[in-house]
Each structure stands twice: as C-alpha cells, then as structure tokens.
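Here the structure is laid out as structure tokens; the discussion comes afterwards.
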C-alpha cells in the first residue's frame, strides 16, 4: 500500500495537538522511571516549545506526529520526535528519520538527541547509527557523526 508522508511547518494551532501527543506518548515511559506530574510535564513542554523549530508529520494528509529540530552553524539537535502510538511500528518514523538524515548529512554537522532509556525509539536511532555518548540518569545522550 502506497502512502505519502509530508513534513510541513507547524502553526500556533498545532500546539494542542503536539502537547496531547507528547503527553500520551511520554507518560507510559516516564511513569516507569519517575512519578508523573501532569502540571510539570505541561510546563516543561511549554518551556521547550519553539514554533519556528516544529514540523508536523502527515501521512496521506492526516497529522500523525511532529518533531522539533534546532540547527546551529555547528550541529543539529533533534529535540522532539513523536509519532502517534496507533501509528508506531508502521515505518513512519523510519521514513521520516531517513529523509531528515539525508538532508543533515549534506551539512556534515553532527546530530544529537536524547532518549529515555526505556523508550523503544532508541532502537530506531541505533539502527541509523546513533551511539550513546552520555547518560543523564533517565536518558541517553546520543550522537551521529554525519
């Protein structure tokens, strides 16, 4: 079955979509590592949200995820990357990450990210060549030299 995946610039109207996806995706993993505090998670999300860095992931015109990337003259940081739980395991994240990495390789900048230690997304990053370079207690800091 052929599908079309697009990334497009987020608008302020996507804030609630991104927040709800963040909360529903992160809660199960976070609760295994610490006590979940909904208010703190919402405040943390609000502090990190930077609309100019956010892209929406759509499959056949349906919004199924989002990502946030911070790029400087020396590096790329994948700050957030979420696919809706009911769409995970279908290759969407793989396809999006493949496209992103192809573009980032052209810049020759290292790519950094953090991932909760118990988050299965870590395997996705490792398949693409990311390596753990640090440990913050609950998260691995990972990098890919492009």
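The values are calculated or read from the model by the stated rules, or taken from the named source; none is laboratory data. Please read all numbers here as calculations on a predicted model, not as lab measurements. Virtual Cβ from ideal backbone geometry, glycine too; neighbours counted across all protein chains shown.
Here are a few things to note about the model shown:
- Segment 14-36, residues that are farther than 17 Å from residue 122 by Cα, assigned to a helix (DSSP H, G or I) and touching a residue at least 24 places away in the same chain (Cβ under 8 Å): 14, 15, 17, 18, 19, 21, 24
- Pairs meeting the criteria (first residue in segment 37-66 and surrounded by 13 or more Cβ atoms within 10 Å (Cβ to Cβ), second residue assigned to a loop (DSSP other than H, G, I, E, B) and at pLDDT below 95, beta carbons under 6 Å, at least 6 apart or on different chains) are 59/3.
- Unmet requirement for residue 65, which otherwise passes all of (1) over 21 Å from residue 33 (Cα atoms); (2) assigned to a helix (DSSP H, G or I): (2)
- Residues satisfying the stated conditions in segment 88-124, i.e. more than 22 Å from residue 58 (Cβ to Cβ), under 14 Å from the mean Cα position of the chain (by Cα), free of Cβ contacts under 8 Å to residues at least 40 places away in the same chain and not in a strand (DSSP E or B): 120, 122, 123
- Number of the exception - residue 70 against (1) touching a helix residue (DSSP H, G or I) at 6+ places or on another chain (Cβ under 6 Å); (2) surrounded by 18 or more Cβ atoms within 10 Å (Cβ to Cβ); (3) closer than 20 Å to residue 101 by Cβ: (2)
- Residue check for residue 93: surrounded by fewer than 17 Cβ atoms within 10 Å (Cβ to Cβ), under 23 Å from residue 30 (Cβ atoms) and at pLDDT 95 or above: no
- Selected residue (criterion: farthest from residue 76 (Cα to Cα)) from residues of segment 125-146 that are in a loop (DSSP other than H, G, I, E, B) and in contact (Cβ under 8 Å) with a residue 40 or more places away in the chain: 138
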